[in-house]
Amino acid sequence: MSESLHGFRGSIFHFVCPADAGTAPTFEFVQDGLLLVENGHVKQMGDFRSLKNSLPSRVPIADHSGRIIMPGFVDAHIHYAQTDIIASFGRQLLNWLTEYTYPAETLFADEQHGRNTARFFLNELLLNGTTSALVLPTVHALSVHTLFETADAMNLRIVSGKIMMDRNCPEQLRDTAERGITDMRAIIHRWHLKNRLSCAVIPRFALTSSERQLEAASDLLKDHPGLLFHTHLAENTNETASVASFFPKRRSYFDVYDHYGLAGKNAVFAHGIHLDETDVQRLAETGSAIVHCPTSNLFLGSGLFSLRDMNTHGIRTGLGTDVGAGTSFSMFKTMAEAYKVSQLKGTSLSPVEAFYMATLGGAHILGLEEKIGNFAMGKEADFIVINPDRLPILSRRIRRAGKLEDTLFALMILGDDRIVERTYILGEDMTPSPMDSSDPDV
Ligand code: GUN
Ligand code: ZN
């Protein structure tokens, strides 16, 4: 953590406070701004010239003039154990899981493989300007320990927990309702609220959990009300049809989770594409949140998410890359694909809304809005420096941009990891070098 007072000069962009779903989020942009960070937390943010005069003369100021300083991205749904199967050809969700995903996840019984992957994965997040994430490991408790250990050493704010799955999956990846809970209790004891880490209860999805396991997950959440609940929901039509046959008494896929008391203010569901009006109403009534994962939904041909339905019902939403079904670690690319999905659904996702979902909105659905997501005083100083000049076409486009919204839109459509010049964690420069991503496994 950066110990004393430091300043960072540049054009500063952030959202002022969590927005009510469906209302335009309020942002702030200071052309020549100064972000003051003390002991890793935001002390003040404002106009460079006004703030500079009130500072003691010896305060070091990193000059990022000509660049945009903004809060780090929050990726609200990503699988670290699927890093190595990103871009695996073809198939829809259920055969993609059996053909590529489950074999890759089996390897995480090996500690060294987990450690190596966790290091690469977390570096990749930082290279892309993602400073916080809700990360899915595997069924192995070991895979959570290696992830948390690595994240803790890097001081990252990460939410995770072991995947629970006690049926419809390969033997090596199967736990039991009891084992899932025992493992999770140990994980919570060791990691929950340790430094910047926190835990989520994560049954993979309705198809891989017995009723007993869903009940056990619900009991665990009652014992630990501060935990997040996370799972996949209504991503694919075949998946949704199978859920109906495995849970014949339930009205819908969402009703399976709702029935076991798993919906609520702490519940975050990935996807939520194939929902009906009653499901959407129940999502809203329970205060549950949805993570939109557009690159994954397009890659697996899962369907087109309706952000408008969520906004109309006041449901909080964030963005997830969903690597390895997702095709990029970049939240810029994720915003771009979210825009294209919204176009196909007849609404245009505004750049302001997209950047909100990728920062403070994401923090809000993970219950971290008091800690990260913007530059409010006292927040943890995780931020990135964006340099559009690193991409000639983007640089040229932005020079011709009128309003800030035009610049943001060009960034989200054309940007990627190349424009993330620096990534700061708690005020400290943690930008990885490409050397940090070496691969000892092969
Ligand atoms: N549904 C259940 N497991 C998975 C997974 O690993 N990825 C995606 N995209 N959907 C899932
Ligand atoms: Zn997923």
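When you check Thr278 against the structure, is it open to solvent by 10 Å² or more (accessible area, probe 1.4 Å) and β-branched (Val, Ile, Thr), yes or no? Here the answer is yes, as Thr278 does meet what is asked.
Are any residues in the range 115-145 closer than 17 Å to Ala358 by Cα and within 16 Å of ligand 2 (Cβ to nearest atom), and if so, which ones?
Residues of the range 115-145 closer than 17 Å to Ala358 by Cα: 124-135.
Result: Leu125, Thr130, Ala133, Leu134, Val135.
From the list Ala217, Ala267, Ala234, Ala244, the lone residue that is in contact with a Leu (Cβ under 7 Å, 6 or more places away or on another chain) and more than 15 Å from ligand 2 (Cβ to nearest atom) is Ala217.
When we screen Arg91, Arg67, Arg115 for residues that are in contact (Cβ under 8 Å) with a residue 40 or more places away in the chain and over 21 Å from Tyr424 (Cα atoms), the only hit is Arg91. Filtered by the rule that a residue be open to solvent by less than 70 Å² (accessible area, probe 1.4 Å) and acidic (Asp, Glu), the range 158-202 gives Asp166, Asp175, Asp183. Scanning the range 124-157 for residues that are within 19 Å of Ile365 (Cα to Cα) and surrounded by fewer than 24 Cβ atoms within 10 Å (Cβ to Cβ) returns a single hit, Arg157. Checked against the criteria, Arg308 does not count as open to solvent by 10 Å² or more (accessible area, probe 1.4 Å) and either over 26 Å from Ser328 (Cβ atoms) or among the aliphatic types (A, V, I, L, M) (or both).
Only residues that are away from ligand 1 (no atom under 16 Å from the Cβ) and surrounded by fewer than 23 Cβ atoms within 10 Å (Cβ to Cβ): list them for the range 326-335, please. Within the range 326-335, Lys333 is the sole residue that qualifies.
For the range 244-258, residues that are free of Cβ contacts under 8 Å to residues at least 24 places away in the same chain and of a type outside the set (A, V, I, L, M, F, W, C) total 4. Among helices (runs of 4 or more DSSP H) entirely within the range 310-412, having at least 3 residues that are more than 15 Å from Val74 (Cβ to Cβ) and not aromatic (Phe, Trp, Tyr) singles out 331-344, 392-399. Looking at the range 423-438, is at least one residue modelled with pLDDT of 95 or more and in a helix (DSSP H, G or I)? Looking through the range 423-438, none of the residues is modelled with pLDDT of 95 or more and in a helix (DSSP H, G or I). In the set (1) within 16 Å of ligand 1 (Cβ to nearest atom); (2) on the phi > 0 side of the Ramachandran plot; (3) open to solvent by less than 40 Å² (accessible area, probe 1.4 Å), Val323 fails one condition alone, (2).
If only residues of the range 298-320 that are out of contact with any Leu (no Cβ under 7 Å at 6 or more places or on another chain) and within 13 Å of ligand 1 (Cβ to nearest atom) are counted, the one that is nearest to Ala270 (Cα to Cα) is Gly320. Scanning the range 265-275 for residues that are open to solvent by 10 Å² or more (accessible area, probe 1.4 Å) and closer than 18 Å to Asp223 by Cα, we see that the one that is farthest from the chain's Cα centre (by Cα) is Lys265.
The values are calculated or read from the model by the stated rules, or taken from the named source; none is laboratory data. It should be emphasised that the depicted structure is a prediction, and the values quoted were computed from it without experimental measurement. Note that we place each Cβ from the backbone using ideal geometry, even for glycine, and neighbour counts take in every protein chain shown. What goes into the accessible areas is simple: the full protein's heavy atoms, side chains included, and nothing from ligands, DNA or RNA. Shrake-Rupley method; radii C 1.70, N 1.55, O 1.52, S 1.80 Å.
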